[in-house]
Amino acid sequence: MVKENERRSFTQLVENARNGIYQCDKEGGFLSVNPAMARMLGYDSSEELRKEQLHALLASAKDAEMVTHGLREKKHLESMEVTLKGKDCPMVHAILNARWVQGENGTDSYHEGILTDISHLKRQETQLLHLATHDPLTGLHNRREFNAILERHLSRVRRYGNSGALLWMDLDGFKEINDGLGHKTGDELLASLAHRMRATVRDSDVLARLGGDEFAVLYPNVDEAQVQMAAGRLLDAIRKHTAVIGGQLLRSTSSMGIVLFPEHGNSASELLMKADIAMYRAKAAGRNRIVMYSPDDEKAESPGTRIDWLRIIREALENDNFVLYAQPILDLRTNRTVQYEILLRLQDHAGKIIPPGAFLDVAEQFGLSGDIDRWVLSKVMAVLSDASLDEDLSFAVNLSPRSLSDPEVLSLVCENEFLAVIGPVRLVLEITETAAIYNIHVAKEFLRTLRMQGYKFALDDFGMGFSSFYQLKNLDVDYLKIDGSFVRNISNDPVDKHLVTAMVQLAKSLGKQTIAEFVEDEETLDILRTIGVDCAQGFHIGRPRPLDDVLEEIRG
């Protein structure tokens, strides 16, 4: 009677399970399937699904062969990802766990398995990838993705000797439209123009929005005459395009700069810089025109704010004109400063301190962010070699997306002799959530490599990305730095408070610590303590100060 009750209980468990559960004979015919599996594949009932064959439901011959081989050779399958054909619904992505069951006393052998539907995760993964590589307003490639595509294409050009061109474009008078009619109107105009441009370029061309009203086009396998013709069509299409927005007819023109490769360069940063110079020449010449780059454009008197910044950044790297500041991070349990975030500043010739917002985008755009990261890391490592510093005091350094795949950064950190002596835990490496999502595989490998050396990591701006919670399982970090947009108004906005509470609970369940940014008053600090946040950072805790002054105070 007890065994009968157990059997009945098990049968009810299978019938009510949320995962698909089945048994198959040696030929792949279903012996039994539970209702969840029928629902998963779009069948009206288990009985209807049992008329099918498992191998016929697998979407690819490769999947069918892997299932057959795995069960025949290994007798079991663990966490195998498969795609199944539903009855009248889209393909179903699932995780299969199965085993071969050897019959006893002459009974036939069979195999049984459990299918977990991950279709929603696959859809989310596709959405995340699109969000990470495309501009949300226009649907075009974003700056980072365009840079990556350009780098890959130039690599092929260097190998096979092809040619091509790069166009950099800026809309004329867009700032006046934005300021006069509002950002919503400006956004609608950008989206409308992007649609028109997409219809004008070839399928083989790569069109991207670099930010603001700046766009770029990669023209593979063209010569100077061909790119002039293509750019002329684009210029004409923009000039003739009329957008009807809010009852108003809006038109715009553009200024375009063109560079050829390999004639004008063979690296992305060099070509982007020269195309930008040419574009500014087009603006200076009266706008609504195309200018081909010429080496004469790089004279010192060339106009263009970004080019000026590029020269300043290069000079700063060469002459140590960068300055490090440090901002304290408070442990809310002990009320002690346990960490400092290292912040970058630039000092001009007059001694004025310039914040990073003025130059970091330019550094990233022209491929110098990795050089800056290495400069900062070298300086901080020298500081950490000071034996007089408290053993439990650590310093956090922000890394740009480019550094995640930079072998020089890995070598610099892994082979530093000072850190090998004092231990690497006093150096915390911060990466932004956006950078991690942009290339999750590169980020995972970067973290794995340095984790083996004992380093600690922080995920900065946590909560801002579409995939914050989903990607946590893929990122082995120690700290989650809760973005200040959730913290700043936490005393007045109950939604922010609930969101921060959820982040803290999630972090604790995963064994990670939380750091709240932008803490600007005591009331916010008290709320964060109540919620259970581990550490806090912000002007109320301490403003950024020159690192040398902070070190002098610490030593005492």
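The values are calculated or read from the model by the stated rules, or taken from the named source; none is laboratory data. Quick caveat: nothing in here was measured; it's all calculated off a predicted structure. Quick reminder, even Gly has a Cβ in these numbers, built from the backbone with ideal geometry, and neighbours come from all protein chains shown.
Of everything in the stretch 73-104, what is surrounded by fewer than 15 Cβ atoms within 10 Å (Cβ to Cβ) and in a loop (DSSP other than H, G, I, E, B)? Give them in sequence order.
The answer is K74, K75, K87, D88, C89, P90, M91, Q102, G103, E104.
Could you check L193 against (1) over 23 Å from S252 (Cβ atoms); (2) modelled with pLDDT of 90 or more; (3) over 25 Å from the mean Cα position of the chain (by Cα) and say which number it fails?
For L193, the failing item is (1).
Check L96, L154, L150 and return the single one that is assigned by TED's automatic domain parsing to the domain that holds N34 and over 17 Å from the mean Cα position of the chain (by Cα).
L96
Within the stretch 130-139, can one find any residue that is of a type outside the set (G, A, S), free of Cβ contacts under 8 Å to residues at least 24 places away in the same chain and more than 16 Å from G211 (Cβ to Cβ)?
yes
Looking at (1) over 22 Å from D276 (Cβ atoms); (2) outside any helix (DSSP H, G or I); (3) touching a strand residue (DSSP E or B) at 6+ places or on another chain (Cβ under 7 Å), which is the one condition that is false for T185?
It is condition (2) that T185 fails.
From D371, D320, D308, which residue is within 16 Å of D548 (Cα to Cα) and either out of contact with any strand residue (DSSP E or B) (no Cβ under 9 Å at 6 or more places or on another chain) or modelled with pLDDT of 95 or more (or both)?
Of the residues listed, the single one that is within 16 Å of D548 (Cα to Cα) and either out of contact with any strand residue (DSSP E or B) (no Cβ under 9 Å at 6 or more places or on another chain) or modelled with pLDDT of 95 or more (or both) is D320.
Need pairs with beta-carbon distance below 7 Å; first residue under 11 Å from V477 (Cβ atoms) and within the stretch 495-515, second of a type in the set (V, I, T) and modelled with pLDDT under 90; sequence gap 6+ or separate chains.
Sorted first by the residue in the stretch 495-515, then by its partner, the pairs are K512/V477.
Filter the stretch 188-225 for residues that are in contact with a Phe, Trp or Tyr (Cβ under 9 Å, 6 or more places away or on another chain) and part of a strand (DSSP E or B) and give the result.
Scanning the stretch 188-225 gives V206, L207, A208, R209, L210, E214, F215, A216, V217, L218.
Within the stretch 242-262, track down each residue that is closer than 17 Å to R289 by Cβ and not hydroxyl-bearing (S, T, Y).
Across the stretch 242-262, the qualifying residues are R251, M256, G257, I258, V259.
When you scan the stretch 61-68, do you find a residue that is closer than 22 Å to I118 by Cβ, small (G, A, S) and free of Cβ contacts under 8 Å to residues at least 40 places away in the same chain, even just one?
yes
Can you name the residue in the stretch 476-515 that is in contact with a Lys or Arg (Cβ under 6 Å, 6 or more places away or on another chain) and of a type in the set (V, I, T) and is also nearest to D534 (Cα to Cα) among such residues?
So, considering only residues that are in contact with a Lys or Arg (Cβ under 6 Å, 6 or more places away or on another chain) and of a type in the set (V, I, T), the one nearest to D534 (Cα to Cα) is I515.
Mind counting the residues in the stretch 480-514 that are closer than 17 Å to R333 by Cβ, of a type outside the set (A, V, I, L, M, F, W, C) and surrounded by 14 or more Cβ atoms within 10 Å (Cβ to Cβ)?
So the answer is 3.
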